[in-house]
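The values are calculated or read from the model by the stated rules, or taken from the named source; none is laboratory data. This structure is a prediction, so every number in the text was calculated from the model and none was measured. Because the Cβ atoms are built from the backbone with ideal geometry, glycine has one as well, and the counts that use them run over all protein chains shown. Accessible surface is based on the protein model in full, side chains and every heavy atom, while ligands, DNA and RNA are left aside. Shrake-Rupley method; radii C 1.70, N 1.55, O 1.52, S 1.80 Å.
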Amino acid sequence: MSVHIAVDLGASSGRVMLGAAAPGRLELAEVHRFPNGGVEVAGRLHWDAVGLWQQVLTGLGRAARAPGGAGARTVGVDTWAVDYGLLSREGALLGTPRHYRDPRTAGVAERVFDRVPAQRLYERNGLQHLPFTTLYQLVAEAEESLLGCAAQLLLVPDLLGYWLSGHRGAEATNASTTGLADVRTGRWAPDLVELAGVEQALLPPVHDPGTVLGGLRPQVLAETGLPASVQLVAVGSHDTASAVVAVPARDERFAYVACGTWGLVGVELERPVLSAESFAANFTNERGVDGRIRYLRNVMGLWVLQQCLAEWAAAEGEQDLPALLAAAADVPAGGPLVDIDDPRFLPPGPMVERVRAAAGEAGHRPPGAKAQVVRCVLESLARAFAAAVADAVRLSGHDVDAVHLVGGGARNALLCELTADACGLPVVAGPVEATALGNVLVQARAHGDLSGSLEDLRALVRDTHATTTYAPRRSRLETGVL
């Protein structure tokens, strides 16, 4: 089997994984893991892009020294969506990329809607309303001086790819999240680029997953010890696109929840859904690997719980998450719920009182003890997942028999059980490292180690990686959701 390296950066952690794939075999080994998160400087929230780059190089070096790593054939990079770096004419990074949770986009979308009605914009780019979409970030960026100095914009995975190889481009799955791409073609739309107030030349050409982008820079080879023959391959560079590749579904009748810091909930389609009802339900149409459409809604995900844990850890020391989850499982059902997508939960910082306040405003007794807060957050999240699955089925006409929950949330048995109960459908949990697996699968197919369709790749995941199925305690009809 050829060896492939997956660089997989999430919003709260990053990892470099060594993978190998061949017919009947799919293996994955972690060689480096590191934390990630926003860095606040003078009231602005940034990503530590240079620090991430150093971690990537460290991981690639460890991969090269791991068993089989010296013969690695390809590297692929995936990250979160929408954020970007600006380059000078000479290719130097201008400033540090801003974090999508930075407050600079507050009120920007509404100003854009004064120029182009929101539903008409939806018909062009197919995206749900999220205040931090790249389109709105660029409108905010134009009010600062940096944009006028920029010669090129690269989304975060493409920026890392440029530092690795010197290739400048935009991978299609991530480009589709920017609000600047035509939902039907997946390529930049001149009218949307103009709406953002930037020149078309700022955006590099779009390429599809599976494109071989070229060899690595000599400096990267020297620092990491990777062989000169290794190639950079475009994968589904939006991490959710890679995760959906590795959903181990048996047929097309599935919904997915890619659950980490965010929860991306939806179905896979052949064409976008752009109806007025879809717009009103705030569903998005993002591109997937092989031209599929990821029809989904962004749900707040485990972010709220992560922030609660960080708050308790700052006050009391590191928290015992398994013990907290066990205690939360013993909390009786029917307790307080919150709207997990309430905008108050979007910014970082102390979260517990926000949860309690939201529960009280919803007419519930606010959760008191930590276990009650955890139960409230997870049950609210499961309800939001179920509502998104129900809306995806209703709006697309694509019925489902199971929900596949992949990513870090698959480790959380309580969340999986609550999601199954809320949906009235079996939840198949795993693989946890679906994103890295999807990254490796696309590399392996591009290199010729594998062939076939997405369904063939998913069959390989299903045959080689264990999952856990959680049966619902109520039927679809009893839930009142599906």
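Just a few scattered comments:
- Förster radius 22 Å - calculated FRET efficiency between SER451 and ASP251 (Cβ-Cβ, nearest 0.05): 0.65
- Just the protein heavy atoms count here, and of the accessible area of the chain at 1.4 Å, carbon and sulfur take up 52 percent.
- Between THR185 and ASP401, the simple label model (points 7 Å from Cα in the Cβ direction) yields a spacing of 3.9 nm.
- Distance between modelled label sites at ALA142 and ALA413, nm, 7 Å Cα→Cβ extension: 5.4 nm
- Summarising the amide proton neighbourhood of GLU171: residues at separation of 5 or more, or on other chains, whose placed amide H is nearer than 5 Å comprise HIS207.
- The share of Cα pairs per 10 Å bin across the stretch 195-270, counted from zero up to the longest distance, runs 14, 28, 30, 24, 5 percent.
- The base-10 log of I(q)/I(0) for the chain, evaluated at q = 0.11 Å⁻¹, reads -0.89 [Debye formula, identical scatterers on Cα atoms, solvent excluded].
- At 1.002 mPa s and 20 °C, Stokes D of the stretch 228-309 from Kirkwood alpha-carbon radius, µm² per second: 151 µm²/s
- The alpha-carbon atoms of the stretch 185-326, seen along their principal axes, cover 53, 50, 42 angstrom, with the largest extent given first.
- Stretched out straight at 0.36 nm per residue, the stretch from ASP339 to ARG89 would grow longer than its current Cα-Cα span by 85.5 nm.
- Cα-based shape type of the stretch 128-201, given that a ≥ b ≥ c are square roots of the gyration tensor eigenvalues and the cut on a/c is 1.5: oblate
- Other residues lying with their Cβ under 10 Å from the Cβ of PRO336 contribute a combined charge of +2, Lys and Arg counting +1, Asp and Glu -1.
- Heavy atoms of the protein chains alone define the surface here; on that basis the stretch 373-482 has 34 Å² accessible area per residue at 1.4 Å probe size.
- Label-to-label distance for LEU321 and ASP48 is 1.9 nm, based on points extended 7 Å past Cα in the beta-carbon direction.
- For the stretch 51-133, the Kirkwood radius over C-alpha pairs fed into Stokes-Einstein at 10 °C and 1.306 mPa s yields D = 95 µm² per second.
- Probe 1.4 Å, accessible area per residue of the stretch 170-312, Å²: 32 Å²
- In summary, the stretch 1-145 shows an alpha-carbon radius of gyration equal to 1.31 times the 2.2 N^0.38 Å reference for compact globular proteins.
- When peptides 334-346, 171-183 are sorted by average Cβ neighbour count within 10 Å, with the highest value leading, the order is 171-183, 334-346.
- For the stretch 66-203, alpha-carbon Rg relative to the globular expectation (2.2 N^0.38 Å, N residues): 1.11
- Radius of gyration and maximum dimension Dmax of the stretch 344-387, Cα, Å: 10.4, 27
- Taking 0.36 nm per residue of separation and subtracting the Cα-Cα distance, full extension of the segment from GLU353 to ALA329 would add 6.5 nm.
- Solvent-accessible area per residue for the stretch 1-131 (1.4 angstrom probe, square angstrom): 40 Å²
- Fraction of beta bridges assigned by DSSP in the chain that are antiparallel (%, nearest 5): 75 percent
- Here the Kirkwood formula, the inverse mean of 1/r across different C-alpha pairs, assigns the stretch 184-231 a hydrodynamic radius of 13.8 Å.
- Heavy atoms of TRP53 accessible to a 1.4 Å probe, total area in Å² rounded to 10: 40 Å²
- The helix-based estimate of mean residue ellipticity at 222 nm for the chain, built from -39,500 (n - 2.57) per DSSP H run of four or more residues and divided by its residue count, is -11000 deg cm²/dmol to the nearest 500.
- Ordering 366-379, 25-38, 242-255 by mean Cβ neighbour count within 10 Å, with the highest value first, yields 242-255, 366-379, 25-38.
- Taken over the stretch 336-462, the percentage of Cα pairs per 5 Å bin, counting from 0 up to the bin with the maximum distance, is 2, 10, 15, 16, 16, 15, 10, 7, 5, 3, 1, 0.
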